[in-house]
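Here is the structure we will look at.
The values are calculated or read from the model by the stated rules, or taken from the named source; none is laboratory data. All values derive from a computational prediction rather than experimental measurement. All Cβ positions, even for glycine, are placed from backbone atoms using ideal geometry, and neighbour counts span all protein chains on display. Ligands, DNA and RNA are excluded from the accessible area calculation, which covers all protein heavy atoms including side chains. Shrake-Rupley method; radii C 1.70, N 1.55, O 1.52, S 1.80 Å.
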Amino acid sequence: MNSNNLLKKYQERYCIPHLDLADSGERNRIISFVANIFLFLFGAGDLVAIFIIHHANLAEKIVSIIYFGIFTIVSIFGILYSKGIKNVSKEKAYILKTIPIYIIMTTALGASLYNFYILNQPFNGFLTYCLTGFLMLCLFSFSPIPFLVAFFIAIGIMIPGLYKNFGATGLADSILCAILMFCLSLYKRRTEKKQIMLLKKQKQNLEAKTFGNFTLMYENKVVKFTRTKSNELMGYLVYKNGSSVNTKELIAVLWGQNKDSKNYGSNLRNLIVDIKQTFNKLDIQNFFIAEYNNFRINPEIVKCDYYDFLSGDKNAINNFAGEFMNQYSWAEETAGFLEMKVMNNRQK
């Protein structure tokens, strides 16, 4: 297999369009923000300790001051950067929100080499190397190629010290560990791509019709829930367009403003179970999201005339005939709002 075929094979199996990775980029941003807070506490805390304990002979601790100073500066940059890129376009979201991940990775690998050679603690250095790799694999979404380059450069620098301190067997085990981490990064990326492709395929088959009566369809068949209120609950979540709705609000919408949450909480839980079971039978994934006391849908994986209307799609606007989820009284105000938008659009 020549290099061109190998590259093509890699792209087919592991490359994902950045637009499809927008949600992964946001998760990277949030996790890196938290990670940088811990790095700041680590770096700044150790700097303070050095200045307090060794204030009389700081010149002897200059290497440690530089080491922890780098951690502090990098973490401050990471915190500010992660906050600053919260609201970027979806096209740029993954690239911009993943940059802090590579900065953290590079800093942590630098720390492993510092421990390995400067502090003369090879075991701690290699342990830091391994922890960095496996935490990256567990927490973040990233391309395997930068991961491969960074980790093999680091292990390459460590090879003389690994052989000196752990012998040929230890060196072989260390290289095997690096290869294993790279293979796991490929496996993770392949799994991530399969999941994204599954969701994109699902979007082609999952449709929420809101003009007229609300109907949820999958593979051109109406999704039938066991309980009548389950359909209304889904209709309300579709109307909320991905925003989270708490238990109290759902009970008020489904059973009335003055209904007691304690008495109707069990009724709502039964609806949640019904929805989950129905979607599991149809293999509809990542659409209905139930978190602690909060519920929402993922609008990215469903076709919906209402969403098309809001985005300015002319066909959706022309297809609206003044009716929006007719069977639900709470939707009447929205029907009036959409009618006004149609009238304003015609006047332009």
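Points worth noting:
- The single condition from (1) surrounded by 13 or more Cβ atoms within 10 Å (Cβ to Cβ); (2) more than 16 Å from the chain's Cα centre (by Cα); (3) part of a helix (DSSP H, G or I) that Glu207 fails is (3).
- Phe33 closer than 30 Å to Tyr117 by Cβ and either assigned to a helix (DSSP H, G or I) or open to solvent by 90 Å² or more (accessible area, probe 1.4 Å) (or both): no
- Inter-residue pairs, beta-carbon under 8 Å, first in contact (Cβ under 8 Å) with a residue 24 or more places away in the chain and in the stretch 276-293, second basic (Lys, Arg), 6+ apart: Thr278/Lys224; Phe288/Lys276
- Among the candidates Lys341, Lys303, Lys314, Lys281, residue that is touching a strand residue (DSSP E or B) at 6+ places or on another chain (Cβ under 6 Å), charged (D, E, K, R) and farther than 19 Å from Ser244 by Cβ: Lys303
- Among the residues of the stretch 329-348, those identified as open to solvent by less than 70 Å² (accessible area, probe 1.4 Å) and free of Cβ contacts under 8 Å to residues at least 24 places away in the same chain are Ala335, Gly336, Glu339.
- Complete set of residues in the stretch 291-328 that are within 16 Å of Leu233 (Cα to Cα), open to solvent by 40 Å² or more (accessible area, probe 1.4 Å) and part of a strand (DSSP E or B): Glu291, Asn294, Arg296
- Among the conditions (1) assigned to a helix (DSSP H, G or I); (2) at pLDDT below 85; (3) open to solvent by 70 Å² or more (accessible area, probe 1.4 Å), Gln277 misses just one, which is (2).
- Conditions (1) out of contact with any helix residue (DSSP H, G or I) (no Cβ under 6 Å at 6 or more places or on another chain); (2) not in a loop (DSSP other than H, G, I, E, B): number failed by Leu148: (1)
- For the stretch 124-182, filtered to residues that are more than 25 Å from the chain's Cα centre (by Cα), open to solvent by 20 Å² or more (accessible area, probe 1.4 Å) and of a type in the set (Gly, Ala, Ser), the residue that is nearest to Asn28 (Cα to Cα) is Gly156.
- Restricting Ala335, Ala290 to residues that are closer than 29 Å to Leu19 by Cα and modelled with pLDDT under 90 narrows the list to Ala290.
- Of the residues contained in the stretch 178-196, one or more are found to be over 30 Å from Leu127 (Cβ atoms) and in contact with a Phe, Trp or Tyr (Cβ under 9 Å, 6 or more places away or on another chain).
- Residue count for the stretch 215-231, restricted to those that are out of contact with any helix residue (DSSP H, G or I) (no Cβ under 6 Å at 6 or more places or on another chain), surrounded by 16 or more Cβ atoms within 10 Å (Cβ to Cβ) and touching a residue at least 24 places away in the same chain (Cβ under 8 Å): 1.
- Flag for Leu19 being open to solvent by 40 Å² or more (accessible area, probe 1.4 Å), more than 16 Å from Tyr102 (Cα to Cα) and at pLDDT below 90: yes
- Among the residues of the stretch 166-198, just one is of a type in the set (Ser, Thr, Tyr), under 30 Å from Ile301 (Cα atoms) and touching a Leu at 6+ places or on another chain (Cβ under 8 Å), namely Ser185.
- Looking across Leu6, Leu39, Leu19, one residue alone is without any contact (Cβ under 8 Å) to a residue 12 or more places away in the chain and hydrophobic (A, V, I, L, M, F, W, C). It is Leu6.
- Close pairs (9 angstrom Cβ cut-off, 6 or more residues apart or separate chains): of a type in the set (A, V, I, L, M, F, W, C) and open to solvent by 20 Å² or more (accessible area, probe 1.4 Å) in the stretch 102-123, modelled with pLDDT of 90 or more and outside any helix (DSSP H, G or I) anywhere: Ile104/Phe140
- Scanning the stretch 51-60 for residues that are within 30 Å of Phe33 (Cβ to Cβ) and either open to solvent by less than 90 Å² (accessible area, probe 1.4 Å) or aromatic (Phe, Trp, Tyr) (or both) yields one hit, Phe51.
- Within the stretch 66-84, the set of residues being of a type in the set (Val, Ile, Thr) and either more than 29 Å from Leu47 (Cα to Cα) or surrounded by fewer than 18 Cβ atoms within 10 Å (Cβ to Cβ) (or both) comprises Ile66, Ile70, Ile73, Ile76.
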